[in-house]
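Student: Below you'll find the structure I mean.
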Amino acid sequence: MTAPLSSPTAATTGPGPSARPGSRSAPPRPPGPAARPARGATGDRLRSLAPVLVPLAAVLGALAISTVLAVLAGATPAEAAAALWEGMVGTPYAIGSSVNVAAVLLLVATGFLVAHRAGLVNVGGEGQICLGAVGATAVGTMLPASVPAVLTLPLVLLVAALCGAAWGSIAAGLAVRRGVSEVITTLLLNFVGAAVLVLAVHEEALLRQPVTSSETLPQSAPLVEAAHLPLLGVPDSPATVAVVLALAAAAVASLVLRRTATGIRLAAVGQSRPAALRLGVPVDRLRFSALTTAGAGAGLAGGVLVASAPHVLDDGLSSGYGFSGLVVGLLARGSFTAAVGIATALGFLVSGGINLQLAAGVPASITQITESLIIIGVAGTAIWSVRRSRTRRRAAPRTALGSTATARTEVSS
Amino acid sequence: MMLTLTDLLVASIALAVPVLVAASGELVGERAGVLTMSVEGMMLTGAFAAVVGATSSGSALVGVACGALAGLLVGVLQAVLSVTLRADQIVTGIAANALALAGTTFGARLLLERGTEVPGFARVAVPVLSEIPVIGPVLFRQTGLAYALIATVVVLGVLTSRRTGWGLAVDAAGEDAASADRSGIAVLRVRFGAVLVVGLLSGLAGTQLALSEVHTFTDNMTAGVGYLAVVAVIAGSWRPVGVAVAALVFGLAQALQFTLPALGVDVPFALLVMLPYVLALLAVAGLVSHSRPPSGLTKPFVRLGRAT
């Protein structure tokens with residue numbers, strides 16, 4: 001059993017194992033299947049395909065488990081598939097709402113990818129969406145009539161992005177100034193942000209619609225007509241221009257990250273902070289801006305949500321879009337093209353899941369089960385899929401789905 | 001005034017116990033070098049399983065066993081991911097929480113009926129001691145499960161203190177895994193076990209919440225308490241007493257939600273809901289304590305070569 005440890009695979013895992021006692025070439029517990037040998041040429045070819053095959057297997061596994069759960073909930077697989085399909089692409093309405101969800105996810109994911117390039121993980125999409133939505137509602141309901149209609153919608157969305165950015169900047173400031181892990185702070189800010197939204201829609205002094213009877217719902221008044229997102233114009237489809245907005249945001253972000261000096265600097269920060277610092281890169285400022293941008297993306301998504309039908313803010317506004325956007329960002333591994341594809345797939349899955357509940361009686365939370373299983377599957381198998389690509393091409397930030405080395409060893413200062 | 005202060009303290013302790021139990025498990029995990037973000041999911045799964053077990057068997061004790069087992073199972077999942085597969089601990093932890101939230105919501109639709117009586121634990125007044133003003137009702141009128149869990153926390157604290165071999169092994173695995181490995185400590189086994197402890201205690205914490213306090217299961221009933229437990233460990237500077245104090249503060253902050261409106265103080269409910277999380281933010285921002293996490297926290301250990 002000594003062969004596995006001296007195989008070429010093991011040798012590529014890094015610089016020489018300084019701590020390894022020579023007499024222990026066959027430790028009692030091998031450190032996981034990663035060190036097993038590749039068997040011949042076929043094995044090598046399989047290994048080079050691993051970055052694609054392993055996540056694919058994870059996705060398929062998650063879908064298989066979800067199918068089993070749907071069956072447990074009393075639907076036959078055929079019924080469930082039919083309901084899912086109907087909800088995804090069955091009607092122009094279904095397609096339109098799926099596209100709208102995809103647009104929101106893409107906006108969150110775009111922000112996530114910008115921060116991720118700098119080695120930061122933004123888990124705070126949910127809270128940033130809430131703040132963006134609150135800001136958008138405040139502008140969209142209270143804007144004086146003298147403001148020209150052309151300016152209303154841009155203003156609403158701008159304020160949404162700014163509010164999300166402000167929320168993100170709290171975590172960004174703490175990360176830069178005090179070295180607090182942005183994962184923990186953005187996570188906690190989600191709870192505070194959700195409470196801010198609840199506060200806003202429950203207090204008449206804030207955004208709640210005037211209470212006229214005991215049946216007045218805790219939600220805001222509808223946004224003024226000029227603040228509504230225009231529809232794309234496809235017949236019977238609720239699809240709004242949000243999808244154009246999201247694609248544009250992703251395209252701009254992609255260009256900036258790939259073709260500008262700022263993009264290169266961000267990547268440098270993501271790769272190694274000490275090295276970037278020595279090269280004269282303003283590390284702190286870039287980290288701060290990257291996480292704030294992530295907040296702006298999610299805040300914009302919140303603005304899009306209130307500016308779409310039914311054009312009111314209520315406390316169920318962001319039902320997990322923050323997490324789904326994070327899923328898109330993580331799975332995209334730095335690629336905006338991939339993010340567009342994955343956001344579309346998840347958007348359709350989410351809409352399909354809602355119909356799964358309506359038509360087949362399977363609880364809609366099954367889509368969240370699928371999403372989280374995919375993340376667990378992909379992140380859990382990173383030792384097989386990420387390492388190989390990392391040794392070959394060091395351009396991707398190390399924080400992908402693999403283990404992070406430096407970025408977040410400090411949980412607190 | 002005396003009465004309301006007592007009410008506030010009673011509610012604080014009641015809400016602090018789940019945080020304390022989960023946080024003391026998490027403390028062991030973090031000292032061993034594994035950041036377990038899935039405490040929230042373990043608590044929620046524990047609460048769900050406890051309610052399912054208790055209603056289907058009619059016995060609260062069976063419920064406790066189910067809750068503990070469910071927490072342990074999520075612990076196994078997290079340990080395999082964090083320790084064996086060396087996956088990103090934070091990402092998988094948050095994903096496990098999302099899985100637990102969606103899974104229990106899904107399961108509740110299928111397995112639980114609204115309005116069913118859930119066998120739970122009633123408050124037990126310790127004779128004589130519970131008659132002491134203020135302290136009596138606060139400390140000596142908890143449920144049997146709460147007493148048992150506090151005892152468990154104390155025993156765990158003693159067993160993993162720095163005066164025992166286990167405690168030293170846990171610290172060694174978390175501070176310098178390579179040296180611990182060379183000195184003969186089975187680092188991966190210690191870490192795996194530590195995550196299981198997190199799972200077990202978090203499952204019990206969820207059980208306490210469901211069977212002693214709320215007496216039912218509602219979707220997302222932990223609502224972030226698990227994250228408070230993780231923060232309590234940071235705020236408590238990775239020391240048992242500090243963690244216990246932090247858990248009490250979080251309990252107090254949560255208790256204000258229920259006590260202030262009862263006192264007629266007109267504060268928007270949402271402000272009170274966000275209070276524990278604002279405190280938690282201040283705590284992690286280093287405004288409460290300045291201390292160093294275990295050096296190996298979130299760093300996976302591989303015997304061959306360096307940890308990636």
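Student: I need the full set of residues from segment B:141-170 which are crowded, with 21+ Cβ neighbours inside 10 Å and in a helix (DSSP H, G or I), in order please.
Tutor: B:LEU145, B:ALA146, B:LEU149, B:VAL153, B:ALA169, B:VAL170
Student: Taking into account only those residues within segment A:169-195 that are out of contact with any Phe, Trp or Tyr (no Cβ under 9 Å at 6 or more places or on another chain), part of a helix (DSSP H, G or I) and among the aliphatic types (A, V, I, L, M), which is nearest to A:PRO282 (Cα to Cα)?
Tutor: Filtering segment A:169-195 for residues that are out of contact with any Phe, Trp or Tyr (no Cβ under 9 Å at 6 or more places or on another chain), part of a helix (DSSP H, G or I) and among the aliphatic types (A, V, I, L, M), the one nearest to A:PRO282 (Cα to Cα) comes out as A:LEU174.
Student: Determine, yes or no, whether A:THR262 is surrounded by 20 or more Cβ atoms within 10 Å (Cβ to Cβ), in a helix (DSSP H, G or I), of a type in the set (S, T, N, Q) and modelled with pLDDT of 90 or more. Break it down stepwise before answering.
Tutor: On the way: surrounded by 20 or more Cβ atoms within 10 Å (Cβ to Cβ): no; in a helix (DSSP H, G or I): yes; of a type in the set (S, T, N, Q): yes; modelled with pLDDT of 90 or more: yes.
No, not satisfied.
Student: Now for a separate question. With the requirement that a residue be touching a Ser or Thr at 6+ places or on another chain (Cβ under 6 Å), in a helix (DSSP H, G or I) and farther than 14 Å from B:ALA247 by Cβ, what does segment B:12-39 give you?
Tutor: B:VAL28, B:GLY29, listed by residue number.
Student: I need the full set of residues from segment A:47-81 which are more than 12 Å from every other protein chain (Cβ to nearest Cβ), touching a residue at least 12 places away in the same chain (Cβ under 8 Å) and among the small types (Gly, Ala, Ser), in order please.
Tutor: Passing the criteria: A:SER48, A:ALA50, A:ALA57, A:GLY61, A:ALA80.
Student: Within segment A:307-339, can you find the residues that are in contact with a strand residue (DSSP E or B) (Cβ under 6 Å, 6 or more places away or on another chain) and of a type outside the set (Asp, Glu)?
Tutor: We begin by selecting, within segment A:307-339, every residue in contact with a strand residue (DSSP E or B) (Cβ under 6 Å, 6 or more places away or on another chain); these are A:308, A:312-314.
Residues satisfying the conditions are A:SER308, A:VAL312, A:LEU313.
Every residue, every condition in (1) under 19 Å from B:MET43 (Cα atoms); (2) polar (S, T, N, Q); (3) crowded, with 20+ Cβ neighbours inside 10 Å; (4) in contact with a Leu (Cβ under 6 Å, 6 or more places away or on another chain), yes or no:
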position	(1), (2), (3), (4)
B:ALA232	yes, no, yes, no
B:ARG239	no, no, no, no
B:VAL243	yes, no, yes, yes
B:ALA247	yes, no, yes, yes
B:PRO261	no, no, no, no
B:GLY264	no, no, no, no
B:LEU272	no, no, yes, yes
B:LEU279	no, no, yes, no
B:LEU282	no, no, no, no
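Student: To continue, here is another question. Mind listing just one residue for me: the one in segment B:285-308 that is within 13 Å of B:SER179 (Cα to Cα) and modelled with pLDDT of 65 or more and, of those, surrounded by the most Cβ atoms within 10 Å (Cβ to Cβ)?
Tutor: Filtering first and then ranking leaves B:GLY296.
Student: Only one of (1) assigned to a helix (DSSP H, G or I); (2) exposed (fewer than 15 other Cβ atoms within 10 Å of the Cβ) fails for B:THR105. Which number is that?
Tutor: (2)
Student: While we're on this one: Name the residue, out of A:VAL281, A:VAL312, that is surrounded by fewer than 21 Cβ atoms within 10 Å (Cβ to Cβ), touching a residue at least 60 places away in the same chain (Cβ under 8 Å) and over 23 Å from the mean Cα position of the chain (by Cα). Quick ask: steps written out before the conclusion?
Tutor: Numbers: A:VAL281 fails: touching a residue at least 60 places away in the same chain (Cβ under 8 Å).
When all the criteria are applied, what remains is A:VAL312.
Student: Looking at segment B:147-191 only, could you name the residues that are within 19 Å of the chain's Cα centre (by Cα) and within 14 Å of chain A (Cβ to nearest Cβ)?
Tutor: B:ARG191, the sole residue that qualifies.
Student: Here are some conditions: (1) hydroxyl-bearing (Ser, Thr, Tyr); (2) crowded, with 24+ Cβ neighbours inside 10 Å; (3) assigned to a helix (DSSP H, G or I). B:THR4 meets all but one. Which one does it not meet?
Tutor: (2)
Student: Right, another one. Among the residues of segment B:129-140, are any part of a loop (DSSP other than H, G, I, E, B), free of Cβ contacts under 8 Å to residues at least 60 places away in the same chain, more than 7 Å from every other protein chain (Cβ to nearest Cβ) and not polar (S, T, N, Q)?
Tutor: Yes, segment B:129-140 has at least one match.
Student: Which condition from (1) over 22 Å from A:PHE323 (Cβ atoms); (2) among the aliphatic types (A, V, I, L, M); (3) touching a helix residue (DSSP H, G or I) at 6+ places or on another chain (Cβ under 7 Å); (4) without any contact (Cβ under 8 Å) to a residue 60 or more places away in the chain is the one that B:LEU61 breaks?
Tutor: (3)
Student: So, one more: Can you tell me which residue among A:ALA160, A:ALA166 is of a type in the set (A, V, I, L, M, F, W, C), assigned to a helix (DSSP H, G or I) and surrounded by fewer than 19 Cβ atoms within 10 Å (Cβ to Cβ)? Before you say what the answer is, go through the steps one by one.
Tutor: Values: A:ALA160 fails: surrounded by fewer than 19 Cβ atoms within 10 Å (Cβ to Cβ).
Sole residue among the options that is of a type in the set (A, V, I, L, M, F, W, C), assigned to a helix (DSSP H, G or I) and surrounded by fewer than 19 Cβ atoms within 10 Å (Cβ to Cβ): A:ALA166.
Student: Can you list the helices (runs of 4 or more DSSP H) found entirely within segment A:323-413 that contain at least 1 residues being away from every other protein chain (no Cβ under 11 Å), modelled with pLDDT of 85 or more and out of contact with any Lys or Arg (no Cβ under 6 Å at 6 or more places or on another chain)? Write out each step before concluding.
Tutor: Numbers: elements: A:336-360, A:366-380, A:382-392.
Result: A:336-360.
Student: From the list B:LEU20, B:LEU27, which residue is farther than 17 Å from B:GLU213 by Cα, surrounded by 21 or more Cβ atoms within 10 Å (Cβ to Cβ) and within 15 Å of the chain's Cα centre (by Cα)? Write out each step before concluding.
Tutor: Values: B:LEU20 fails: farther than 17 Å from B:GLU213 by Cα.
From the options B:LEU20, B:LEU27, the qualifying one is B:LEU27.
The values are calculated or read from the model by the stated rules, or taken from the named source; none is laboratory data. All values derive from a computational prediction rather than experimental measurement. Cβ: placed from backbone, ideal geometry, glycine included. Neighbour counts: every protein chain shown.
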